[in-house]
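Below: the structure, in structure tokens.
Read the figures in this text as sums done on the coordinates, not as results from a lab. No experiment lies behind these values; they were computed from the predicted model shown. Heads up, the Cβs are rebuilt from the backbone with ideal geometry, glycines too, and the neighbour counts pull from every protein chain shown.
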């Protein structure tokens, strides 16, 4: 009898303090409502993590208390704008912010890969391998064909109708 496999360790999506840094950076880009911030963070993590209002609004309140943001009334909603003090904090912690953004990007990529159907993951692996092997040996018309196929796939995933196919002459393989 084989011993049971241990349960997979749950990996935290965010390191301690990362949400704080990511939100401050988003506010450094432009003023936003709390709900907008929640949506931006959710999109960053391919919707695998969405901070709750119970997380976001106390965080924004702590930013206000620290003097890093001002909340302005915007048609009955609060829009948060970074202050000079908040910009100074962002500047002082820019390396930490970049590291948090880098971790978030990598985590989002891991999530997307993990959720990818196995046949698609295999097809992408084969495509990448073929690109490496094909390096520097492009025949006339190949780039057009490959680009068109990739653009069609992107359109399909984005829910857009594929562009009308131009029928370029198929590239002849080298003899």
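If the chain linking residue 92 and residue 119 were pulled fully straight, counting 0.36 nm for each residue of separation and taking away their Cα-Cα distance, it would gain 5.2 nm.
The angle separating the long axis of helix 53-66 from the principal Cα axis of greatest extent in the chain is about 60 degrees. Placing a label point 7 Å from the Cα of residue 64 along the Cα-to-Cβ direction, the residues of region 21-53 with a backbone N closer than 15 Å are 32-35. Where a ≥ b ≥ c are the square roots of the eigenvalues of the C-alpha gyration tensor, would you call region 18-114 rounded, which needs a/c under 1.5, or, failing that, prolate if a/b is larger than b/c, or oblate? Note, shape of region 18-114 comes out oblate. Which angle between 0 and 90 degrees, to the nearest 10, do you get for helix 34-44 versus the longest principal axis of the chain when only C-alpha atoms count? For helix 34-44, the angle is close to 30 degrees. As a length-normalised measure over Cα pairs under 8 Å and 6 or more apart, the relative contact order of the chain settles at 20 percent. Figure legend: label point modelled 7 angstrom from the Cα of residue 112 along Cα→Cβ; residues of region 137-157 with amide N under 20 Å from it are 147-157. The long axis of helix 118-134 is offset from the longest Cα principal axis of the chain by roughly 70 degrees. Comparing 28, 17, 159 in a Gaussian network model of the chain, where Cα atoms under 10 Å apart are tied by springs, the biggest mean-square fluctuation is seen for 159. Which of the three applies to the chain, rounded, prolate or oblate, going by the alpha-carbon gyration tensor with a ≥ b ≥ c and a/c under 1.5 meaning rounded? It comes out prolate by the Cα gyration axes.
Full extension of the segment from residue 127 to residue 29, taken as 0.36 nm per residue of separation minus the current Cα-Cα distance, would add 31.6 nm. Our note on the geometry: Cα centres of region 15-75 and region 96-112, 16 Å apart. Only helices enter this figure: runs of n ≥ 4 DSSP H residues, each worth -39500 (n - 2.57), summed and divided by the residues of the chain, yield -18500 deg cm²/dmol at 222 nm to the nearest 500.
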